[in-house]
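Engineer: What follows is a structure written as structure tokens; I'll ask about it next.
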Amino acid sequence: MVNWTYKGAQITEMTQMPIDAFGFIYLVTTTDGQKYLGKKQLLSQRKRKFGKREISKMENKRLKKWEFVIKENDWKTYTGSNIDLNKLIEEGLEYKKEILYYATSKGQLTYLELRELWTHRVLEDRNFFNGNIGGRHYNQYKKEK
């Protein structure tokens, strides 16, 4: 398994990240120079409804019947959402995973990703796997490789 790096240091645990980190912006680079730029949240939050037994044990039936469950995401093994990139990695292509920035909120994470996608001109550079920005800006000419 390839570990994440941040400013040259390997990152294997969340304790090595800033305490207020919500997620990070990353760059995956293959040995043949192809790249993928994206974002990854560190934690996921979902609503879990209580079961009938839990509800029956509640003294005050007017209280909420659900709770938020927070768990660590698959950030350690994550390589990106691009199908072509993941297929090449499965076939054994070597790569490195680099954290570029940490973000402290969902809004900041989205902003930093969009800023970096436009700054690196991923839709114009054929070395990037990225095929869209924000789900609104696509490059239909990239497929002509």
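The values are calculated or read from the model by the stated rules, or taken from the named source; none is laboratory data. Computed from a predicted model, the values in this text were never measured in an experiment. Positions of Cβ are backbone-derived with ideal geometry, glycine not excepted, and every protein chain shown enters the neighbour counts. These area figures cover heavy atoms from the full protein model, side chains too; ligands, DNA and RNA do not enter into them. Shrake-Rupley method; radii C 1.70, N 1.55, O 1.52, S 1.80 Å.
Condition check ((1) among the hydrophobic types (A, V, I, L, M, F, W, C); (2) assigned to a loop (DSSP other than H, G, I, E, B)) across all residues:
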residue	(1), (2)
28	yes, no
80	no, yes
87	no, no
92	no, yes
110	no, no
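Engineer: Limited to region 78-99, what total is found for residues that are open to solvent by 40 Å² or more (accessible area, probe 1.4 Å) and in contact (Cβ under 8 Å) with a residue 40 or more places away in the chain?
Structural biologist: Qualifying residue count for the region: 8.
Engineer: Still on this structure, I have one more. So which of 40, 71, 47, 76 is more than 17 Å from residue 128 (Cα to Cα), more than 18 Å from the chain's Cα centre (by Cα) and either modelled with pLDDT of 90 or more or part of a loop (DSSP other than H, G, I, E, B) (or both)? Explain how you work it out, then say what you get.
Structural biologist: Details: 40 fails: more than 18 Å from the chain's Cα centre (by Cα); 71 fails: more than 18 Å from the chain's Cα centre (by Cα); 76 fails: more than 18 Å from the chain's Cα centre (by Cα).
The conditions single out 47.
Engineer: Does region 54-65 contain at least one residue that is at pLDDT 95 or above and of a type in the set (S, T, N, Q)?
Structural biologist: Our first condition is that a residue be at pLDDT 95 or above; within region 54-65, this holds for none.
Within region 54-65, none of the residues are at pLDDT 95 or above and of a type in the set (S, T, N, Q).
Engineer: Can you pull out every residue in region 127-144 that is modelled with pLDDT under 90, open to solvent by 40 Å² or more (accessible area, probe 1.4 Å) and closer than 19 Å to residue 86 by Cα?
Structural biologist: Hits for region 127-144 are 132, 143.
Engineer: Looking at region 2-13, which of its residues are more than 21 Å from residue 128 (Cα to Cα) and either open to solvent by less than 20 Å² (accessible area, probe 1.4 Å) or among the hydroxyl-bearing types (Ser, Thr, Tyr) (or both)?
Structural biologist: 11, 12, listed by residue number.
Engineer: Read through the list (1) crowded, with 16+ Cβ neighbours inside 10 Å; (2) over 27 Å from residue 121 (Cα atoms), then give the number of the only condition that residue 63 fails.
Structural biologist: If we test residue 63 against (1) crowded, with 16+ Cβ neighbours inside 10 Å; (2) over 27 Å from residue 121 (Cα atoms), just (1) comes out false.
Engineer: So residue 37 passes all but one of these: (1) closer than 17 Å to residue 2 by Cα; (2) open to solvent by 60 Å² or more (accessible area, probe 1.4 Å). Which condition number does it fail?
Structural biologist: Failing condition for residue 37: (2).
Engineer: Within the bounds of region 14-27, is there any residue that is open to solvent by less than 100 Å² (accessible area, probe 1.4 Å), touching a strand residue (DSSP E or B) at 6+ places or on another chain (Cβ under 6 Å) and free of Cβ contacts under 8 Å to residues at least 24 places away in the same chain? Steps first, answer last, please.
Structural biologist: First, the residues of region 14-27 that are open to solvent by less than 100 Å² (accessible area, probe 1.4 Å): 14, 16-18, 20-27.
Still in the running and touching a strand residue (DSSP E or B) at 6+ places or on another chain (Cβ under 6 Å): 18, 21-27.
Narrowing further to those that are free of Cβ contacts under 8 Å to residues at least 24 places away in the same chain: none.
No, there is no match, as no residue in region 14-27 is open to solvent by less than 100 Å² (accessible area, probe 1.4 Å), touching a strand residue (DSSP E or B) at 6+ places or on another chain (Cβ under 6 Å) and free of Cβ contacts under 8 Å to residues at least 24 places away in the same chain.
Engineer: Something else: Do we have residue 44 as among the small types (Gly, Ala, Ser) and open to solvent by 70 Å² or more (accessible area, probe 1.4 Å) here?
Structural biologist: When the stated conditions are applied, residue 44 does not pass them.
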